[in-house]
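Undergrad: The following block contains the structure, expressed as structure tokens.
The values are calculated or read from the model by the stated rules, or taken from the named source; none is laboratory data. Being a predicted model, the structure only gives us computed values, none of them experimental. Cβ atoms come from the backbone with ideal geometry, glycine included; neighbour counts cover every protein chain shown. Only protein heavy atoms, including side chains, enter the accessible area calculation; ligands, DNA and RNA are left aside. Shrake-Rupley method; radii C 1.70, N 1.55, O 1.52, S 1.80 Å.
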Amino acid sequence: MPVLTILTYPDPLLKEPAEPVEHIDDEIQQLIDDMAETMYQAPGVGLAATQAGIGKSVIVFDPEADPVNRNFHVLINPAIIDARGKTVSENEGCLSVPDFRSDVNRFEEMVVEGLDRHGNKQRYEATGLLATILQHEIDHLHGILFIDRISALKRQIYQRKRKKVLKEA
Ligand code: NI
């Protein structure tokens with residue numbers, strides 16, 4: 001099964017907002033399978049289609065990230081219905097933001113609705129890690145990275161480090 005290439009910062013495609021999925025066709029089914037394989041292989045707890053340069057509103061996630069005992073979820077066209085409370089996700093990271101982690105201000109509770117791969121409506125009332133994953137992945141669909149949600153100073157430190165790494169590569 002083909003595994004997708006994950007784009008990394010500062011690839012401009014990571015800033016492109018995703019389009020809603022209108023038909024859950026074979027192409028979307030394949031995309032979901034490929035995103036799942038990519039996420040488990042990385043490994044990561046979540047992946048948005050945006051990270052593969054595909055501008056479709058699809059996210060996959062598995063808070064346990066265990067490729068053997070999979071607790072796999074997909075949401076097509078996820079929408080935030082409600083967001084409540086405040087928390088700090090500790091040491092958040094992203095497959096598209098190499099060699100960097102940071103605490104990020106997040107909502108404590110999220111209500112998110114979307115569709116599963118069969119077009120059935122799904123509703124998640126999430127707290128803790130799952131709430132953070134949902135915020136992080138939905139942000140990707142809007143072209144937002146977690147480094148857009150940290151202080152400008154911290155972001156600049158990362159940007160400089162990243163530029164240096166890319167220059168030396
Ligand atoms: Ni990410």
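Undergrad: List pairs: first in region 17-35 and under 17 Å from Gln51 (Cα atoms), second open to solvent by 50 Å² or more (accessible area, probe 1.4 Å) and modelled with pLDDT of 95 or more, Cβ under 6 Å, 6+ apart or cross-chain?
TA: The qualifying pairs are Pro17/His142; Ala18/Lys56; Val21/Lys56; Ile32/Arg117.
Undergrad: Next up: Could you go through region 125-141 and let me know if any residue there is farther than 26 Å from Pro10 by Cα, in contact with a Phe, Trp or Tyr (Cβ under 7 Å, 6 or more places away or on another chain), open to solvent by less than 40 Å² (accessible area, probe 1.4 Å) and not in a helix (DSSP H, G or I).
TA: No, region 125-141 has no match at all.
Undergrad: Please specify each residue of region 31-58 satisfying the condition of being among the polar types (S, T, N, Q) and open to solvent by 10 Å² or more (accessible area, probe 1.4 Å). Please lay out each step first, then the result.
TA: Restricting attention to region 31-58, the residues satisfying the condition of being among the polar types (S, T, N, Q) are 38, 41, 50-51, 57.
Answer for region 31-58, where residues must be among the polar types (S, T, N, Q) and open to solvent by 10 Å² or more (accessible area, probe 1.4 Å): Gln41, Ser57.
Undergrad: Suppose the filter is within 16 Å of the ligand (Cβ to nearest atom) and out of contact with any His (no Cβ under 8 Å at 6 or more places or on another chain); does Leu115 pass it?
TA: no
Undergrad: Could you list, in sequence order, the residues of region 10-65 that are of a type in the set (D, E, K, R), outside any helix (DSSP H, G or I) and away from the ligand (no atom under 13 Å from the Cβ)?
TA: Residues satisfying the conditions are Glu16, Glu19, Glu22, Asp25, Lys56, Asp62, Glu64.
Undergrad: If I filter region 1-27 down to residues being surrounded by fewer than 14 Cβ atoms within 10 Å (Cβ to Cβ) and either of a type in the set (Lys, Arg) or closer than 19 Å to Leu75 by Cα (or both), which single residue comes out as nearest to the chain's Cα centre (by Cα)?
TA: Only one residue fits best here, namely Pro17.
Undergrad: Test of understanding: among Ile150, Ile157, which residue is open to solvent by 60 Å² or more (accessible area, probe 1.4 Å) and over 16 Å from the mean Cα position of the chain (by Cα)?
TA: Ile157
Undergrad: Identify the residue in region 74-105 that is more than 24 Å from Leu13 (Cα to Cα) and open to solvent by less than 50 Å² (accessible area, probe 1.4 Å) and, among all such residues, is farthest from the chain's Cα centre (by Cα).
TA: Gly85
Undergrad: Residue by residue through region 71-96, note down the ones that are touching a Ser or Thr at 6+ places or on another chain (Cβ under 6 Å) and more than 15 Å from the ligand (Cβ to nearest atom).
TA: Asn77 - this is the single residue of region 71-96 that is touching a Ser or Thr at 6+ places or on another chain (Cβ under 6 Å) and more than 15 Å from the ligand (Cβ to nearest atom).
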